[in-house]
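All remarks here apply to the structure that follows.
The values are calculated or read from the model by the stated rules, or taken from the named source; none is laboratory data. On a predicted model such as this, the values are computed, not experimentally measured, just so you know. Note: ideal-geometry Cβ built from the backbone for every residue, glycine included; neighbour counts use all protein chains shown.
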Amino acid sequence: MNQNSRELAGFFLEGNIDEALRIVRECQRDSTSLEVFSSLFTPAMNYIGELWENSEINVADEHLATAVCDMVLSQVFPGYVKGEKVTKKAMLLCLEGEQHYLGLKMINRLFEENDWATKYFGSNLPLEYAVSTAVEWKPSVIALSVSIVYHLPKLKEYVMELESLPHKPLIIVGGRLAGKYDLRPYCSENTLIMNDITTIGNWLGQYQLGEKVNAI
Amino acid sequence: MKKLPIEELAISVTEVMYENDPTLMDRYGDKGRRKCIEDNEHHFKHLQTAYELQNGQFFTEYALWLNGILSKYGMTEELLIENFKLIDDLLEREYKEYEATNDLRNYLASAVQSLQESALTAAEKGRG
Ligand code: B12
């Protein structure tokens, strides 16, 4: 892990928002959002997880770090001003019970920066509510995030039901478990499974490019 | 598939543990007992998940992960192995008819084996 991430994790644990903001803003000057998320935030939070696993920090420390991380994300990446004609729509949600939403919040930002209108639901969205919003709003993409193994049995239900909606949205699955296991058995052949944030970053770029080519 | 009565099972296992070793109550009190029930709920939750996904690897990895955490608090793998054996006894005794019992017992056995193997590797590293 790089020095910056370690330092950032330290400030998260101290509850030092000002210093955390300073590091992130410095890093932001010559990096894309994708790079800031993948090389600064993600390793910092994973390091927090390691410290907890090794009982070097307790649950309260972990929660404080999480809260500070969340606040810093919101301050550094506030409401995104979208371009003129935003026609692409995406919904982003965590499976029922899933509380790990920080990663998805970053993914949401990437969608926004690529001119998507998004509805980002944070943690724990039961399927029936996801379905009712999707039926009404008709997003072309629905992104699902899953981090904890005991939420996995629900994944298939989400994928099957959302993929069979009348407007046939594309389902993209990601989160900590997508990087660790083969999630294909719990998806369909149409589902896109993405191991990490760089994969979705590239996909969003390609999609944008495809649109431009089609427009010519 | 029928859901396991997780809370009930966790309480039964904890009761047996405390009956087998009365000093536990003296050492850890009621708080320890509650924590033990909570831990066992997690064990059953992961067993159930492995069954629903038809993949014992998920339970074994959970056991190794948890054992890593417990070892930081100075606990040996014996404790977890003992706990899993009690779960196995309970399933054999009272859930013979239950459709998942065979699979669950297999997952427990593989997890115990992996815990023993990892303890051996750790001991060898310690010596080497
Ligand atoms: C912060 C944290 C929490 C917070 C979450 C708060 C929040 N708002 O997110 C709280 C305190 C609530 C929490 C609770 C728990 N946690 Co927790 N948590 C973490 C920690 C330290 C960091 C997670 C994080 O934010 N990582 C940074 C983000 C950016 O990474 P990410 O989520 O993987 O997301 C990236 C990619 O996966 C991807 N991505 C994410 N979503 C999507 C979606 C799509 C579509 C795509 C394409 C990509 C994508 O992009 C992101 C950017 O890189 C991790 C450590 C770890 N290694 O992950 C443990 C960790 C995940 N937690 C763990 C555990 C055990 C728990 C609890 C069960 C603890 C408990 N006993 O209560 C609960 C379960 C809660 C629940 N029901 O979900 C364990 C899981 C271990 C295991 N083997 O299952 C971990 C690994 C800690 C550890 N080292 O042991 N946790």
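A few remarks follow.
- Any hit, segment A:110-121, residues being surrounded by 15 or more Cβ atoms within 10 Å (Cβ to Cβ), in a loop (DSSP other than H, G, I, E, B), within 14 Å of chain B (Cβ to nearest Cβ) and at pLDDT 95 or above: no
- Which listed residue is touching a Phe, Trp or Tyr at 6+ places or on another chain (Cβ under 7 Å) and farther than 26 Å from A:GLU56 by Cβ, from B:MET25, B:MET17: B:MET25
- Matching residues in segment A:122-152 - criterion: being at negative phi, away from the ligand (no atom under 12 Å from the Cβ) and touching a residue at least 24 places away in the same chain (Cβ under 8 Å): A:LEU125, A:PRO126, A:LEU127, A:ALA130, A:VAL131, A:THR133, A:ALA134, A:VAL135, A:TRP137, A:PRO139, A:SER140
Matching residues to (1) of a type in the set (Gly, Ala, Ser); (2) surrounded by 14 or more Cβ atoms within 10 Å (Cβ to Cβ):
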| position | (1), (2) |
| --- | --- |
| A:GLN28 | no, yes |
| A:SER39 | yes, yes |
| A:ALA67 | yes, no |
| A:VAL81 | no, no |
| A:LEU92 | no, yes |
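- Check on A:MET106, crowded, with 17+ Cβ neighbours inside 10 Å, in contact with a Lys or Arg (Cβ under 6 Å, 6 or more places away or on another chain) and among the aliphatic types (A, V, I, L, M): no
- Total residues in segment A:100-121 satisfying the condition of being near the ligand (Cβ under 10 Å from one of its atoms) and out of contact with any Phe, Trp or Tyr (no Cβ under 6 Å at 6 or more places or on another chain): the figure is 9.
- The single condition from (1) in a loop (DSSP other than H, G, I, E, B); (2) away from the ligand (no atom under 14 Å from the Cβ); (3) at pLDDT 95 or above that A:GLY97 fails is (2).
- The set of residues in segment A:12-55 being in a helix (DSSP H, G or I), within 13 Å of the ligand (Cβ to nearest atom) and either within 14 Å of chain B (Cβ to nearest Cβ) or of a type in the set (Gly, Ala, Ser) (or both) consists of A:SER33, A:SER38, A:SER39, A:ALA44, A:GLY49, A:GLU50, A:LEU51, A:TRP52, A:GLU53.
- Test: residue in segment A:70-86 that is under 26 Å from A:THR199 (Cβ atoms), in a loop (DSSP other than H, G, I, E, B) and within 14 Å of the ligand (Cβ to nearest atom): yes
The rows are residues; the columns are (1) buried (at least 18 other Cβ atoms within 10 Å of the Cβ); (2) of a type outside the set (Asp, Glu); (3) within 29 Å of B:LYS3 (Cβ to Cβ); (4) away from every other protein chain (no Cβ under 14 Å).
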residue	(1), (2), (3), (4)
A:PRO139	yes, yes, no, yes
A:LYS154	yes, yes, yes, no
A:MET160	no, yes, yes, yes
A:ASP182	no, no, yes, no
A:TYR186	yes, yes, yes, no
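- Exactly one residue among A:TYR207, A:TYR158, A:TYR129, A:TYR150 is within 20 Å of A:SER38 (Cβ to Cβ) and among the hydroxyl-bearing types (Ser, Thr, Tyr), and that residue is A:TYR207.
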